[in-house]
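Report on the structure given below.
The values are calculated or read from the model by the stated rules, or taken from the named source; none is laboratory data. Not measured: the values here are computed from a predicted model. For neighbour counting, all protein chains shown are included, and Cβ atoms are generated from backbone atoms with ideal geometry for every residue, glycine included. Heavy atoms of the whole protein, side chains included, go into the accessibility calculation; ligands, DNA and RNA do not. Shrake-Rupley method; radii C 1.70, N 1.55, O 1.52, S 1.80 Å.
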Number of protein chains: 2
Amino acid sequence: MTEETLTGLLDTIWQHLARGTADRHHPARHPTLASIGTDGPELRTLVLRRAERSGALLEVHTDAASPKAVQIVADPRVALHVWLPKPRLQIRARAMALLEPGDPAVFANLPPEAQANYGGPVPGTPLPGPAKRAAGDPARFTRILCHLTEVDALLLSDPHRRARYRADGNWQGQWIVP
Amino acid sequence: MTEETLTGLLDTIWQHLARGTADRHHPARHPTLASIGTDGPELRTLVLRRAERSGALLEVHTDAASPKAVQIVADPRVALHVWLPKPRLQIRARAMALLEPGDPAVFANLPPEAQANYGGPVPGTPLPGPAKRAAGDPARFTRILCHLTEVDALLLSDPHRRARYRADGNWQGQWIVP
């Protein structure tokens, strides 16, 4: 099994992440992103837009007015998490997040219901009833570039197997206690 | 649709959480728990062991020697997250976490590969090769009681619909901007 070596396991991780960017039914399509808010950690599901192994980069999109954008500006330390039920593999990453304006051409091609994610009142604002669809604002279409500093893979085989890979270790990897 | 009312949506959330404790194939079986570590937020998949609506409590288990146990003692503010792909429903919760010793009778009934999660060297310790199965230590079998302070539900219908429920608002709920 390729996951029996450190490099094989890292290859597997990046294969899953790449599939997440291309296949909307793959569990790596929807990583969970954690940031630190004023009241503790904050988690949300996002769509994985890019996974670039050579640059150790994962990209997701957000509304510039969202709490997570505000949190990332205040503290760029984020964590990403994917749980893959079939191989029973947990992928975790630590990253420094950077906000960049989204591509206006990409925004223009989004359907109205997707554009609506980047407009209207600030997310989290109380409403008198269920939300109505807002008009999208291209100026709020924002990329979160997650520059990975560490990747942690836990394979729930018997016995469990876990490895940690660090940017400052040139992604060589190290077996660690699960 | 029951999710069209605030109470209906909260009912749906607790139904999913209850199913997660009983059905190992339900996505609520494996929530993601976030705590705050010294290097930023930390995420991991856990098994949902109990969901008690009347007490606003979720329970998961951990090894007392694990970094998450150490992190929770230092800062009990945690967040939990479940993504349900079929109904396209994201459940998020904020909680104050409390560690309590696990039940020795429950530990004694675990199979050896499950007991091994609560023993051996401290998780994260470097190893010369893939981990071997450790002997379990009942003294390290620990419950994390997550006392919920807030639940946030995002339904990716069109348009998106989002509600927030707070313990200090008697779980009445409020529609908010998605």
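Once both labels are positioned 7 Å from their Cα atoms along Cα-to-Cβ, the gap between residue A:168 and residue B:106 label points is 3.8 nm. Straight-line cross-link reach from residue A:132 at under 28 Å between alpha-carbon atoms covers these lysines, not counting any fewer than eight positions away in the same chain: A:68, B:86. Dipole of region B:90-173 computed with +1 at Lys/Arg Cβ and -1 at Asp/Glu Cβ about the Cα centre; of B:156, B:119, B:105, farthest Cα towards the positive end is B:156. Its Cα centre serving as origin, region A:1-42 has a Cβ charge dipole (Lys and Arg +1, Asp and Glu -1) of approximately 220 debye.
If only the Cβ of Lys and Arg carry +1 and only the Cβ of Asp and Glu carry -1, the dipole of chain A around its Cα centre is close to 280 debye. Adding -39500 (n - 2.57) for every DSSP H run of four residues or longer, then dividing by how many residues chain A holds, sets the calculated 222 nm ellipticity at -5500 deg cm²/dmol.
Between the listed residues A:38, A:10, A:142, the Cα displaced farthest toward the positive end of the dipole of the protein assembly as shown, a dipole computed from Cβ unit charges relative to the Cα centre, is found at A:10.
Taken about its Cα centre, the protein assembly as shown carries a charge dipole of roughly 440 debye when the Cβ of each Lys and Arg holds +1 and the Cβ of each Asp and Glu holds -1.
3J(HN,Hα) along region B:10-19: 5, 4, 4, 4, 5, 4, 5, 5, 5, 5 Hz, from the Karplus curve 6.51 cos²θ - 1.76 cosθ + 1.60 with θ = phi - 60°, whole Hz, x for Gly and Pro. The H on the amide N of residue A:173, modeled in the peptide plane, is under 5 Å from the matching H of A:166, each at least 5 residues off or on a different chain.
With 0.36 nm allotted per residue and the present C-alpha distance subtracted, the residue A:39-residue A:127 stretch has 29.5 nm of extension available. Buried surface for the B/A pair, taken as the accessible area of each chain alone minus that of the pair with a 1.4 Å probe, is close to 4000 Å² in total.
For residue B:149, enumerate residues with amide H under 5 Å from its amide H, sequence gap 5+ or separate chain, H modeled in the peptide plane. So residue B:149 has HN proximity to B:94, B:95, B:96.
Computed from Cα atoms alone, the Kirkwood hydrodynamic radius reported for the protein assembly as shown is 20.9 Å.
Shown for the protein assembly as shown: the carbon plus sulfur share of the solvent-accessible area, taken with all protein chains present and a 1.4 angstrom probe, equals 55%.
What the phi angles of region A:24-39 give under the Karplus curve with 6.51, -1.76 and 1.60, with θ = phi - 60°, is a coupling list of 6, 9, 7, x, 6, 4, 10, x, 9, 10, 10, 10, 9, x, 5, 10 Hz, glycine and proline written as x. Inter-copy label distances at residue A:137, using a point 7 Å along Cα-to-Cβ, come to 5.5 nm with the shortest given first.
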